[in-house]
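Novice: I have a structure here, written as structure tokens, and I will follow up with some questions on it.
Throughout, read-outs are computed from the coordinates displayed, never taken from laboratory work. Because the structure is a prediction, the values reported are computed rather than measured. All Cβ positions, glycine included, derive from the backbone under ideal geometry; neighbour counts span all protein chains shown.
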Amino acid sequence: MKKIKIAGVPEHFNLPWLMAIEEGAFAGRGLDVEWIDVPEGTGKMCKMMQSKEVDLAVALTDGLVKSITDGNPLKIVQAYVDSPLQWGIHVAANSKFQKLSELENTTAAISRFGSGSHLMAYV
């Protein structure tokens, strides 16, 4: 059997991968597929692919493009989730900030380095 290591964030949209592995869908085709949860996100998965810790990853396209432009020899082979993500800038309901311009030179929170929220903070 050919061993394949796949990385992805522990999110609901990766459930089909886990179910297919559990049900033996890949084993029946001669593939020993191992799923690796990577809660650190796309940035970490790009590093894991570069160091060959994993063979492929289900990751944010934005983060992959950034990693490729930084010199990581990755290849995007197919879209998996083909709907645009909705990004927003959010503050507490009682926040003093009411306009985007008021956020200039403030600190924003991100979920993980190299994640979509990290990249969107620069856009």
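Novice: Where the Cα atoms of the chain are projected onto their three principal axes, how long is each span, largest first, in whole Å?
Specialist: Dimensions of the chain along the principal axes of its Cα atoms: 58, 32, 21 Å.
Novice: Between beta-carbons, use under 14 Å as the cut-off and find the net charge around PHE13, counting Lys and Arg +1, Asp and Glu -1.
Specialist: Values: positive: none; negative: GLU11, ASP37, ASP82.
Cβ neighbours under 14 Å give a net charge of -3.
Novice: Moving to a separate point now. In what sequence do THR42, THR61, THR69 fall when counting other Cβ within 10 Å, fewest first? Numbers along the way, then the final one.
Specialist: Working: THR42 28, THR61 14, THR69 8.
Ascending Cβ contact count within 10 Å gives the list THR69, THR61, THR42.
Novice: Quick one: putting +1 on the C-beta of Lys and Arg, -1 on the C-beta of Asp and Glu, what dipole do you get for the stretch 2-69 around its Cα centre, in Debye to the nearest 20?
Specialist: On the way: 8 positive and 10 negative charges, 68 e Å.
Dipole of the stretch 2-69, to the nearest 20 debye: 320 debye.
Novice: Among PRO84, ALA109, VAL65, pick out the residue whose Cα is farthest towards the positive end of the charge dipole of the chain, where Lys and Arg carry +1 and Asp and Glu carry -1 on C-beta, about the Cα centre.
Specialist: Positive-end residue among those listed: VAL65.
Novice: Let me ask another. Straight-line reach from LYS2: which aspartates and glutamates have a Cα under 16 Å away, not including same-chain ones fewer than 8 places off?
Specialist: Output for LYS2: ASP32, GLU34, GLU53, ASP55.
Novice: Show me the GluC sites (Glu not before Pro) within the stretch 16-97 that DSSP assigns to loop and that have at most 13 other Cβ atoms within 10 Å of their Cβ. Please list the in-between numbers first.
Specialist: On the way: sites: GLU22, GLU23, GLU34, GLU40, GLU53; in loops: GLU23, GLU40, GLU53.
Passing sites in the stretch 16-97 are GLU23.
Novice: I'm checking a number: the convex hull volume of the Cα atoms of the stretch 16-82, normalised per residue, in Å³. What is it?
Specialist: On the way: hull volume 6.9 nm³, N = 67.
Given the Cα convex hull of the stretch 16-82, per-residue volume reads 103 Å³.
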